[in-house]
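Data first, discussion second: the structure below is written as structure tokens.
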Amino acid sequence: MPPRFYSSVLAPMRQSLAKVVLGAVAATCFALTVAAPAPAPAGQAPGAAARTPAAPTGPLVISSQGSFFVGGRELTSDTLSLSPKIDPHGTVTVDQMYVHYQIPQHPRRHAIVLVHGCCLTGASWETTPDGRMGWDEYFVRKGYGTYVIDQSGRGRSATNIAPINAAKMGKEPASALPDLFAAGHEGAWPLFRIGPKYPDAYPDTQFPVQASGKLWQQMVPDWQAALPNPNPTVPNLVNLAQQLKDTVLVSHSASGIYPFQAAMQSRQGISAIVAMEPAECPKPETAGAYAGIPILVVFGDHVEESPRWAPRLAACGVFIDALNNAGGKGRLMSLPAVGIHGNSHMIMQDRNNLQVADLILDWIGGVAPLH
């Protein structure tokens, strides 16, 4: 089981580390308790934060950090290599999920697991393209043990190359090749709602357009269509939640449905679900099955201008209504409706990312202890 407090390696360092940083930490005086949002100024919608909070600048004090893998299966193949120097016969492990974590000194009850979306890796939750603090660090500073994954078949989670080699060796037809794709800049720009078409940005966009090149560097080929169904990430999330015992699953975009699918396999360890602009919400007729799990769905701006995202927002609204009618605790948070405008699909990287993070933490603080 991954450590929730501190590892045996770091434990001896804890006392000396605390002495070094105690004065600096006290000076920063950032609260570990999520405060209630301040009253909205005149003309601003209730519930909207007054401004984007300044990023904490004091030392980041943690009790432990590390990484591990969850899940995976062994695969025996005779097409593992095309090189005459490497035996193509053997057994490899595939479909596993990489997890990186940081635990603050005094963690809250709930951990947070961050699940990235299409064409990306866990890096999307880390430092923003223009160099600001990402949610992975911010949540740790707010007192939450934070776990960032790379989906199965993405980033540091291995892919299965055997079918590709089999086709190249003539052992399988070309039609057996896995379906892969990479999102081009031109298509990702309007899909991420940075602007209506590449490279034009919406006048009020919160995305740091000047750093868009750094976003492109984060993007990777997507193997989702080549993976088993359901995506191995789903049972791996089930496994992770059970290890952590008490966690909030935060998903984004194409992974938006994964926490819901995980909850259907097992609720154990899943305290709440936050779906950031999910590509899919559960069907309303299944809403009653989620009644025991607090659920928050968040959408940014310019959704109504997107023929792809507008129907998804509407469908999620129907699901949330059905959930609440079934006795559940759900909320659909449209950021423009609470007075926050210009957010792209990449909310966690937008210039006001910490403002939105605080809204999410306020929600978690309000519902998760009741679960």
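Read-outs: derived from the displayed coordinates by stated rules, not from any lab. Since the model is a prediction, treat every value here as computed from it, not as a measurement. All Cβ positions, even for glycine, are placed from backbone atoms using ideal geometry, and neighbour counts span all protein chains on display.
What per residue convex hull volume, in Å³, comes out for segment 47-86 when only alpha-carbon positions are used?
336
Using only side-chain charges placed at the Cβ, +1 for Lys and Arg and -1 for Asp and Glu, the dipole size of segment 79-178 relative to its Cα centre rounds to 180 debye. Evaluated with a Cβ-only charge set (Lys, Arg +1; Asp, Glu -1), the chain carries a dipole of roughly 960 debye about its Cα centre, given to the nearest 20.
When only alpha carbons of segment 117-161 are considered, Rg and Dmax amount to 12.3, 40 Å. In segment 59-187, a dipole from Cβ-located charges (positive for Lys and Arg, negative for Asp and Glu) runs towards its positive end, and of V92, L75, P107 it is P107 whose Cα lies farthest in that direction.
D for segment 266-371, whole µm²/s, Stokes-Einstein with Kirkwood Rh over alpha-carbon pairs at 37 °C and 0.692 mPa s: what number?
The Stokes-Einstein estimate is 231 µm²/s.
Dipole size of segment 228-371 about its Cα centre, with +1 on Lys/Arg Cβ and -1 on Asp/Glu Cβ: approximately 360 debye, rounded to the nearest 20.
Report which label in (1) 21.4, 72; (2) 20.3, 62; (3) 25.0, 95 holds the value of Rg and Dmax of the Cα atoms in Å derived from the coordinates of this structure. Answer label, from the structure shown: (1). Annotation: segment 42-171 has a Kirkwood hydrodynamic radius of 17.8 angstrom, from the mean reciprocal C-alpha pair distance. Using C-alpha pairs under 8 Å with a sequence gap of at least 6, the mean separation divided by the residue count of the chain gives a relative contact order of 17 percent.
From most to least packed by mean Cβ count within 10 Å, the peptides 359-365, 62-68, 303-309, 251-257 give 251-257, 359-365, 62-68, 303-309.
Determine, for each peptide in 283-294, 151-162, 72-83, the mean count of other beta carbons within 10 angstrom over its residues, then list the peptides with the highest first. Show your work: numbers first, answer last.
Working: 283-294: 16.7, 151-162: 21.8, 72-83: 14.0.
Listed from highest to lowest mean packing, they are 151-162, 283-294, 72-83.
Computed on segment 104-199, with alpha-carbon pairs under 8 angstrom and 6+ residues apart, the relative contact order is 22 percent.
The residue list L191, I347, I295 was ranked by how far each Cα lies along the charge dipole of the chain toward its positive end, using unit charges on Cβ atoms, and I295 comes out on top. Between the alpha-carbon centres of segment 212-287 and segment 62-104 there is a gap of 20 Å.
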